[in-house]
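The values are calculated or read from the model by the stated rules, or taken from the named source; none is laboratory data. Keep in mind that this is a model prediction, so the values were computed, not measured. With ideal geometry, Cβ positions are generated from the backbone for all residues, glycine too; neighbour counts draw on all protein chains shown.
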Amino acid sequence: MTTDLIIKPDPTPFYRWMVLLFVSLAMFGNYYVYDSIGPVFDLLSKELKYSDQQLGLLYTVYSIAAILVLLVGGYVIDKFGTKKSIFAFALICLLATIITASSPNLYVMLSGRFLLGIGAEPLIVAVTTALAKWFKGKLLSLAFGLNLTIARLGSWSADLSPGWAKSFYQNWQDPLWLASFIAGISVAGAILYWFMESSAEKKFSIEKSEAEKFVLKGLYSFSKSYWYIVALCVVFYSTVFPFRAFAIYYFQQAHGLERDAAGILNSLLPLSAMIATPLFGLLADKIGKRTWFMIVGTAILFPLFLIITYFPAGSLISISVPLVGSGAIPLTLLIVMSLLGISFSMIPSVMWPSVAYIVEQKRLGSAYSLMTLCQQLGMAAIPFLIGLTNDLFKASPQNISGYAPGMWIFTLLASLGLIFSILLWQNEKGPNAHGLDTIKVKR
């Protein structure tokens, strides 16, 4: 009788959830750092005289860097594994935040945001790949939802930082140093995950990726459903994240809110998503119907930017908020941002896990990386385009109508998302369906 073949048990549920916690800590710091620049837009404008185009560039260079690295990032993750990749990319993010905070020079700050794009987006891909490995067939959508909840807690904290970290906002630089400190949480989470996976490899049976040779023509072998999901991903994130980037600044300029009030308003998006994303993920695991979740999510998104633009919020009911120095936030804006948060929950909670049911495990890193790369193509163009449009139409508190063309751009993108989600639904009804609307998870 041979003793060479040892059958190892599957990881325990407790072990899987601890893995989820640690990779989510890495995502928390990552999301905070990405969004930390938005609350200081007005300070960069006043103290450093940055134009709206230059402010948009702080997000555009991030996406350009992501595009450059993501083409091979998935192969790197598949080749070297998730534990090494998550740790390495988290370290890059920490260095990037230090550079961003170190100098008022625009080019130094742009270089920091560029480096952040090199580290942050592959970090997200690595975490996504790790979750697919640990949770496929075991409440995967719920795991993705909980991961996004913790990650968006980072965004929520960044949006609220003008309130809870008000003493840092006496100048443009201190809030960015605070972000550097929080970036250390990503590194700590990556170290803890490395320990957990290394230990699991000795005790449990876990699937290991064997990376295929990186060949560009292999990118065309993904299914039509995959590409519809990618297209939805591009237009959805090109709508939501650029809007979030300018939202605090926009609410200050176009609606006359104070920075802390605008920050709380913007924080409703990740707050709604933190609560709703795992619930939608659990529901998708139980009932399937994933394409319907995407259709409803994009349908909700479509009218919101026009409501913000053409309904005079100042003339409607305002809600008193004790934490806000100005004392009130227009009810219209509260409702719109809450609905945007629901859309921000519903679509990602099913979109990312759906890829794991379409693409085989050994290609997941490449699939997620390619999807994120395409996403960043849109996100590279839109922030700069919005800033350019605002400058072109001379948008300002004295010319609020100048912000309307930018809002029409967001509306056009949202309409494209609705079209792609409907095309995905139609394809999943045909003979090449992957079961996105029928696969259910019972445990």
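Are there any pairs, at least 6 apart or on different chains, whose C-beta atoms fall under 7 Å, with the first in segment 160-172 and more than 23 Å from S102 (Cβ to Cβ) and touching a residue at least 60 places away in the same chain (Cβ under 8 Å) and the second aliphatic (A, V, I, L, M) and surrounded by fewer than 19 Cβ atoms within 10 Å (Cβ to Cβ), and if so, which?
G163/L323
Name the residues in segment 379-402 that are in a loop (DSSP other than H, G, I, E, B) and in contact with a Pro (Cβ under 8 Å, 6 or more places away or on another chain), would you?
F393, the sole residue that qualifies.
Which one is surrounded by the most Cβ atoms within 10 Å (Cβ to Cβ), of the residues in segment 57-75 that are more than 12 Å from G117 (Cα to Cα) and among the aliphatic types (A, V, I, L, M)?
Applying the filter and picking the extreme gives L57.
Looking for whichever is over 16 Å from the mean Cα position of the chain (by Cα) and under 20 Å from F410 (Cα atoms) here; the options are I382, I386. Which one fits?
I386
Is there a residue being at pLDDT 90 or above and more than 27 Å from L385 (Cβ to Cβ) anywhere in segment 6-14?
No, because not a single residue in segment 6-14 is at pLDDT 90 or above and more than 27 Å from L385 (Cβ to Cβ).
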